[in-house]
Amino acid sequence: MLSVALVITLALVVMALLMNLFRLTVGPDLPDRVLALDTMYVNSIALIVLLGLWLNSKTYFESALLIAMLGFISTVAVCKYILRGDIIE
């Protein structure tokens, strides 16, 4: 039962990633593209955690944590660049 739920959830997360990729490439505005990129980080973290559950490995959870930290820092850097024109003051 759990394996069926994991397969369905993996398919839905991959579909969400594809929709985010579409919004990233076609997005009408720059803030929409930044938001799509940030959502792609969250979805990729979910995908890695689900893959770790499916394969029963703890290594995937550590990589998801690393991607979460990098995603947060890069989102802050892109937002500072959009607002101020530079990242480091």
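For the chain, a/c is not less than 1.5, where a ≥ b ≥ c are the root eigenvalues of the C-alpha gyration tensor, and a/b does not top b/c. That puts it in the oblate class.
Rolling a 1.4 Å probe over the heavy atoms of the protein chains gives the range 6-84 an accessible area of 70 Å² per residue. Relative to the current alpha-carbon distance between PHE72 and ILE88, full extension at 0.36 nm per residue lengthens the span by 4.1 nm. Computed over protein heavy atoms with a 1.4 Å probe, the carbon and sulfur contribution to the accessible area of the chain reaches 75%. A crude spin-label estimate for the pair TRP54 and TYR81, with each label 7 Å from Cα along the Cβ direction, gives 3.2 nm. Model label points for ARG33 and LEU65, set 7 angstrom from Cα along the Cα-to-Cβ axis, are 3.4 nm apart.
The values are calculated or read from the model by the stated rules, or taken from the named source; none is laboratory data. This one's a predicted model, so the numbers in the text were calculated from it and none came from an experiment. Positions of Cβ are generated from backbone atoms using ideal geometry, with glycine treated the same way; all protein chains shown enter the neighbour counts. Accessible surface is based on the protein model in full, side chains and every heavy atom, while ligands, DNA and RNA are left aside. Shrake-Rupley method; radii C 1.70, N 1.55, O 1.52, S 1.80 Å.
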